[in-house]
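Here's the structure, in structure tokens; my notes come after.
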Amino acid sequence: MKLRRIITGFLLALVIALTIPVSTRADSGVILKVHYEREDKDYAPWDVWLWPAGGDGAGYAFEPEDGEMVATMEVPAGVISVGFIVRTQDWTKDIDMDQFIDITEVVSGTVHAYIKSGIEGYTKFYGDDVVIGTKLKSAVCSDEGDGILLTFTGELNEAQQASIEVSGTEGPVEIAEISYLGDDKYMLKLLKKLDLKRNYRLKYDGEAFKVNMPSIYSTPKFEEEYTYTGDDLGANYTKEKTVFKLWAPTADEAAVNLYESGNQWKQDLIESKSMTKSVNGTWELAVDSDIAGTYYTFTVVVDGARQEACDPYARTTGVNGKRAMVIDLDATDPEGWDKDVNPHTGENITDAIIYELHVRDFSIDESSGMVNKGKYLAFTEKGTVNSLGQRTGVDYLKDLGITHLHILPFYDYGSVDELSLDTPQFNWGYDPVNYNVPEGSYSTDPSDGAVRVKEAKQMVKALHDNGISVVMDVVYNHVYSAKDFCFNRLVPGYFSRINENGSYSNGSGCGNDTASERSMVRKYIVDSVNYWADEYHIDGFRFDLVGLLDVDTVNEIVESVHAKHPDVIFYGEGWVMNTDVTKEGLYMATQRSSARTPGFAYFNDGIRDALKGSVFNEETGFVSGAKGKAASLSSAFMAKEGWSNNPSQIVNYASCHDNMTLIDRISVSRKDASREELVRMNNLAAAFYMCSEGIPFMQAGEEMLRTKVKDDGSYDSNSYASTDLVNSIKWDKLGENEILANVDYYKGLISFRKTHHLLCLIDEASVKEHVTPVETGIDNVLAFEIKGDTDKEGIFLIFNATTESVEIPLPEGNWKAYIAGSKAGTKAIDGVITAGKATAGPISATVLSKGDQAGLKLFGGDNPIKKAGPLAVILPVAIGTVAGFISYFKRRRK
């Protein structure tokens, strides 16, 4: 899904512990040529993703060469195999698996690998220039620093052993002896122990290799000595002075560089001021004047290498996030900010209806009618309409009835160039650069660090004013580039997990994983989330690939934020990921750890795949006619998943930004279905997850039957960097009768859920007490009864995935239908009930309730009772009876 971007280099190898050795001889090395053959001869969309085993990858283009299409890679020294995936830019794979080309015995020369489209494997030939020999695979320093374990591809002769040398920044390291351990392994005993905080290189057969040093960052000794607990890291501004505080325990020197501008290409250094070493690995400097608007960086000297980097705790930056800026945050607050609150304060997470949206998608299409296209300020515009005069923008969102707007990443990310905004650029933004800084491309002036802060706050305030809470999509599991990330530049390799071979752990698939288990990484993440909640009034956080973070970090985040903001919601992707943690005894924040993270919810891929089919293939799901899904969906409806039975921890959905849109995914698996049937399938899926116990979540535009079509007519399943034409919300689609009717259906689903507390139960006990599956005796027809606290209230739900109408007997009571066929809402629908039976139309949901108040909730977006204030609780008495009033509050406690 995301890009790998780590480039090896000699200077950085002195600082960051990479496993890939660097050749020092211009005439040595292996050249890999990948020959690709396709029957259709259409090579334009295809390239090959190549990576050294255990290292990081990149795309290599196929170029014409002697009548063939060939991609060429210079293989780093010491590599014994190269992985390959032939793919398109949206990651459609020729063969859906990782394959590896073995070059174990090749010391130098050209290796040819021949690949045929659609056929697994490859054919390998060596060029005439290939030299066969023994290669060094790895050099690993012992935990004590008194020896280096060397692993080769074969045994060494005496001359080869004698050629081995070790050196560091302070000069050569004397070798006491070399001993053979068997299995092509040798141990170098050193006369003097290596300094584990420094870096060393080993020279063998004329080539230089990085010695992989043991990680000391996660040891109890290091954490005891260097864990800083203060809340003043970064630039602490007042009009009288600014105090800079940096955590850099491995640095020998540190300085603050003050600049006139935020553009790193400008040579406009004002001065560089040395910092003073303080407690627990921190450095400090005070500047006694008002320097708001001044840009700055930090410089450290570590093991003789000088590195300049942005402040990890930067509150804002200049263009492209390379220089931080000292800022007066109070001056960026919009009018009324001190009175701004979460519009859904006091509600449960199961009361939330979450709508996932990208900042640029929202307004960039010409039909949006918004002035600030692709900007934060688009969310502040009222009265916007499409070319047909229909409401768009925030007015549309408010009318739709959602409670929470989940906004894809809007921290500062690296995949859009803020210096080239006149050129159309798009990215989802899962490429973190500065975690505490709003993305500049969404502001009207990315060169001024104050503007992005002001406008991000204005966006939040405008949404709050319209009754919509704001969820921020955060990506703490990896960074855009590990070698360039400011934390890793200032404290080499600290922020990221590095495996025993010296490579970055890559469970994220993005080239690196965050070492959340380290005390100062954990502190950084906890501080960051709290900062967004405090300073920007963010009401919720969606965590990307949270399964790469440990549960202690997640729990500390939740507990610390809830201490000040108890209504903030937390959820994320709890997939199991393969990562190299740096401590023992850790539990990762996956779905199956839900009991260990009680304040955190997880996406439910089970209901997603059962409804529409797996996202990894084109199979059908329940709504599109698949058999055998009833049992899993019955459990899903009642929040009974294998990993949790708590509805407050289960996010139910059928589509999100990843993979195809809902209607596209259904269309792919049911090419034989009519358009009417496809829409019915879409809406049956929506009705199911919207009425299930748990937390409903939807992708923006799902209600508009949003589609993402590529130039070749196929559906885009990974539009992370596709064009605006593919990604944008097409507001003029509202002018089509089909789309407008579908939006009304979703509005009805939302309003029905918001007025029925029985769909929003908050714990396992409540679900067990109230929700019962009903045996229909018909394949692919599911039914449920949700009982109220009295016999006079309840909900009966039928989900019919067959192509025929079915009749289902109803329990006793005064039932009325509110969802049936293409209609949904809070007004009764006639013609559904006959002789105590409900008729459920083909491929549709039928939902009925009984009782005048049938689980009515006295809150929600435009609920007049909520707006009228606490005194309005007398309204139920005026409408009903005192007994009903008491029953209501009894129900709400559940």
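The values are calculated or read from the model by the stated rules, or taken from the named source; none is laboratory data. Worth saying up front: this structure is predicted, and the values here are computed from it rather than measured. Here the Cβ is made from the backbone with ideal geometry for all residues, glycine too, and neighbour counts use every protein chain on show. The area values use the complete protein model at the heavy-atom level, side chains included, leaving out ligands, DNA and RNA. Shrake-Rupley method; radii C 1.70, N 1.55, O 1.52, S 1.80 Å.
Among the residues making up the stretch 356-390, a single one is open to solvent by 40 Å² or more (accessible area, probe 1.4 Å), farther than 14 Å from N727 by Cα and in a helix (DSSP H, G or I): T380. Among the residues of this structure, R608 does not count as one that is within 24 Å of H344 (Cβ to Cβ), among the charged types (D, E, K, R), open to solvent by less than 40 Å² (accessible area, probe 1.4 Å) and not in a loop (DSSP other than H, G, I, E, B). Among the residues of the stretch 725-734, those that are in a helix (DSSP H, G or I), of a type outside the set (A, V, I, L, M, F, W, C) and open to solvent by 10 Å² or more (accessible area, probe 1.4 Å) comprise D732, K733. Go through the residues of the stretch 316-339 one by one and say whether even a single one is among the hydroxyl-bearing types (S, T, Y) and open to solvent by 20 Å² or more (accessible area, probe 1.4 Å). Checked the stretch 316-339: no residue is among the hydroxyl-bearing types (S, T, Y) and open to solvent by 20 Å² or more (accessible area, probe 1.4 Å).
In the stretch 821-844, of all residues being among the aliphatic types (A, V, I, L, M) and free of Cβ contacts under 8 Å to residues at least 60 places away in the same chain, the one that is surrounded by the most Cβ atoms within 10 Å (Cβ to Cβ) corresponds to A840. State all residues of the stretch 735-753 that are buried (at least 20 other Cβ atoms within 10 Å of the Cβ) and more than 25 Å from D658 (Cβ to Cβ); if no residue qualifies, say none. Once the filter is applied, which keeps residues that are buried (at least 20 other Cβ atoms within 10 Å of the Cβ) and more than 25 Å from D658 (Cβ to Cβ), the stretch 735-753 yields G748, S751, F752. The set of residues in the stretch 190-215 that are open to solvent by less than 20 Å² (accessible area, probe 1.4 Å), within 14 Å of S138 (Cβ to Cβ) and either part of a loop (DSSP other than H, G, I, E, B) or β-branched (V, I, T) (or both) contains only V211.
Here's a check for you: in the stretch 135-158, which residue that is of a type in the set (S, T, N, Q) and open to solvent by less than 40 Å² (accessible area, probe 1.4 Å) is nearest to P214 (Cα to Cα)? Looking at residues that are of a type in the set (S, T, N, Q) and open to solvent by less than 40 Å² (accessible area, probe 1.4 Å), I get S142. If we scan the stretch 774-795, do we find a residue that is under 29 Å from M704 (Cβ atoms), polar (S, T, N, Q) and open to solvent by 60 Å² or more (accessible area, probe 1.4 Å)? Looking for residues that are under 29 Å from M704 (Cβ atoms), polar (S, T, N, Q) and open to solvent by 60 Å² or more (accessible area, probe 1.4 Å), one finds none in the stretch 774-795, hence no. Per the conditions (1) farther than 18 Å from L357 by Cα; (2) surrounded by fewer than 24 Cβ atoms within 10 Å (Cβ to Cβ); (3) not aromatic (F, W, Y), the sole criterion not satisfied by S722 is (1).
Quick check on E165: is it open to solvent by 20 Å² or more (accessible area, probe 1.4 Å), touching a residue at least 24 places away in the same chain (Cβ under 8 Å), in contact with a helix residue (DSSP H, G or I) (Cβ under 7 Å, 6 or more places away or on another chain) and among the charged types (D, E, K, R)? The answer is no for E165. Exactly one residue out of S218, S261 is of a type outside the set (K, R), assigned to a loop (DSSP other than H, G, I, E, B), within 22 Å of K523 (Cα to Cα) and within 32 Å of the chain's Cα centre (by Cα), and it is S218. Can you name every residue in the stretch 342-369 that is touching a residue at least 40 places away in the same chain (Cβ under 8 Å), charged (D, E, K, R) and under 21 Å from T392 (Cβ atoms)? Hits for the stretch 342-369 are E356, R360, D361, D365.
Rundown of residues vs (1) of a type in the set (D, E, K, R); (2) more than 21 Å from the chain's Cα centre (by Cα); (3) part of a helix (DSSP H, G or I), yes/no style:
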residue	(1), (2), (3)
S635	no, yes, yes
K640	yes, yes, no
S644	no, yes, no
V651	no, no, no
C656	no, no, no
E676	yes, yes, yes
R680	yes, yes, yes
L684	no, yes, yes
A687	no, yes, yes
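In the stretch 228-256, the residue that is surrounded by the fewest Cβ atoms within 10 Å (Cβ to Cβ) out of those that are of a type in the set (A, V, I, L, M, F, W, C) and not in a loop (DSSP other than H, G, I, E, B) is V243. For the stretch 81-103, give me each residue that is of a type outside the set (S, T, N, Q) and surrounded by fewer than 18 Cβ atoms within 10 Å (Cβ to Cβ). Of everything in the stretch 81-103, those that are of a type outside the set (S, T, N, Q) and surrounded by fewer than 18 Cβ atoms within 10 Å (Cβ to Cβ) turn out to be G83, D90, W91, K93, I95, D96, M97, D98, F100, D102.
Only residues that are under 17 Å from T317 (Cβ atoms) and open to solvent by 90 Å² or more (accessible area, probe 1.4 Å) were counted across the stretch 257-268, and they come to 3. Does E170 qualify as being at pLDDT below 95, surrounded by fewer than 12 Cβ atoms within 10 Å (Cβ to Cβ) and of a type in the set (D, E, K, R)? Against the criterion (at pLDDT below 95, surrounded by fewer than 12 Cβ atoms within 10 Å (Cβ to Cβ) and of a type in the set (D, E, K, R)), E170 qualifies. Within the stretch 49-72, being more than 23 Å from D580 (Cα to Cα), hydrophobic (A, V, I, L, M, F, W, C) and assigned to a loop (DSSP other than H, G, I, E, B) holds for one residue alone: F62. Name the residues in the stretch 299-351 that are polar (S, T, N, Q) and under 23 Å from the mean Cα position of the chain (by Cα), would you? Answer for the stretch 299-351, where residues must be polar (S, T, N, Q) and under 23 Å from the mean Cα position of the chain (by Cα): T316, T317, N320, T350.
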